[in-house]
Structure formats: structure tokens, C-alpha cells
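What follows is a set of notes on a single structure, which appears directly below.
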Amino acid sequence: MRGWAGGGRPVSVGDRPVTGSAFLLLALALAAAMADWTAVHRGWVPLEYLAKPLTMVLLISATLALDPTSAAARAWFVAALVGCLVGDVLLMVPRDLFVGGLAAFLLGHLCYIVGLHIEGVVALRFFEGIALVVAALAVIGPILLRGIRAGPDPSLAGPVVAYMMVISAMVASAIGVGSRAAIGGALLFYASDALIAWNRFLKETPYARLTVMITYHLAQFGLVISLV
């Protein structure tokens, strides 16, 4: 991303133009994300309640302002971002709405999968992605499932397995597209959600919430930028 030309004129991300309004919205979304990271780190709950959903609202607005390679892919990405926004809100409130948040993010990943395949998935790269996520699941999956079944709510094993399958398919699809932004975003999403699961079902780690939010927001930026 080389700069904002102002006046609505396009700047460049890769080989595609980005309108000045899209660039400004992306910059504002990044500022909101950084405010959320600060709020999470400092424990400033009112700021977190504002900055976390605001980041996604600005990212949705930026996505709508982009000049994408595929308008259809953008529509599915917007739907994915809306699903993630709903999931953010459900997981942010004081009540334990984990299953609802999980469902919202699962729907978001399904939308990302459709959008990525519209962008164009190369079969060989897609199967390479499948091999990668299968290897990751073989390592992490059994450990995570043991933690869930040993915990206070073993019934969560089913929804978590379903979610793992869907996000793994999203990662494989991003690898199939071959865009570095999409691959980086998808892998960061994978890492963010793996850390959430590890801390909820296995063992809490230092600075987990902050790390989760940084990787999550950067993941969303990577996926959005892959549209251009």
C-alpha cells in the first residue's frame, strides 16, 4: 500500500487501485484496532466495547469502498465480516455466549470460503492447503478435545469440532487462492482461534487476550486486502 492520493483518486495495493476513501477507512479501522488492543491490555472495558465493534464496522465500510478483482467475492467477504462482527459482540458481552459467537464466526468462515473460491482457487494449491490443515488438526485436535471433555461442559466438543473443520477449510481455500495477503490473514485467524481454544479449554497463557485480538484484526485486514 503506497499511499493515499486524496480526492478519491486510487492508490495502489499490489496491482489493483484502492480509492482514497477505502484507504482512509482502512487507516481508521487500523486506528480503531490499535485502540482496542490498548483497551484489552489496560483493561479499559468501555473503550473495548466501543473500539472492538467499530474496527469491524470500519473494515466493512472499507471493503465496500474497494475496487475489487471480483464484486461477487467482495459481497461474500462483506457477509463474512458482518458474521464476525456479530461474533465479536456476542463474545464481548459479560454473559457467556460462546456457542452463539462460535456459530456467528462459523457462518463468517463459510462466507469467506465462498468468496475465496469466487476469487479463484487453484486445485493443486488447495490440496496443499488441505494437507497442511490436516497435519495441524492431527496435532492440535486430540489435545483440544481431551481438554474439552475433561472440562465442565463436554457438550462443546461437537460445536468446536464443526468450527475447526470450517476454519480449516477456509485456510485451505486461502492457500488455494495463492494471495499472500489471503494466506497470511487465514493463518493468523487460525492462530488467533487456536489460542482462544487453548486458553479456554486447556491452560491460560500470559497476554493471551491481547495476542488473540492483534492476530484476529491483522487476519481480517489480510483477507480484506486480498480482494485487490
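The table below lists the values:
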read-out: Footprinting exposure proxy for Leu66, Leu156 (fewest neighbouring C-beta atoms within 10 Å first); value: Leu156, Leu66
read-out: Selected from Ser70, Ser192, Ser179 as most flexible by GNM, with the chain as the system and alpha-carbon contacts under 10 Å; value: Ser70
read-out: Cα centroid separation - the stretch 104-180 against the stretch 39-92, whole Å; value: 20 Å
read-out: For the stretch 32-144, alpha-carbon Rg relative to the globular expectation (2.2 N^0.38 Å, N residues); value: 1.26
read-out: Rg/Rh (Cα only; Kirkwood hydrodynamic radius) as it applies to the stretch 69-225; value: 0.96
read-out: The chain - mean residue ellipticity at 222 nm from DSSP helices (-39,500 (n - 2.57) per run, n ≥ 4, rounded to 500); value: -27000 deg cm²/dmol
read-out: Spin-label model distance (nm) - Leu47 vs Leu202, 7 Å beyond Cα toward Cβ; value: 3.1 nm
read-out: Ranking of Phe105, Phe77 by count of other Cβ atoms within 10 Å, fewest first; value: Phe105, Phe77
read-out: Cβ-based exposure ranking for Asp96, Asp67, in which fewest neighbours within 10 Å come first; value: Asp96, Asp67
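Taken together, the values in this text are just the output of simple stated rules run on the coordinates, not laboratory data. Only a predicted model underlies this, so the values are computations on that prediction, with no experimental measurement involved. Cβ coordinates were reconstructed from backbone atoms using ideal geometry, including for glycine residues, and neighbour counts include every protein chain displayed.
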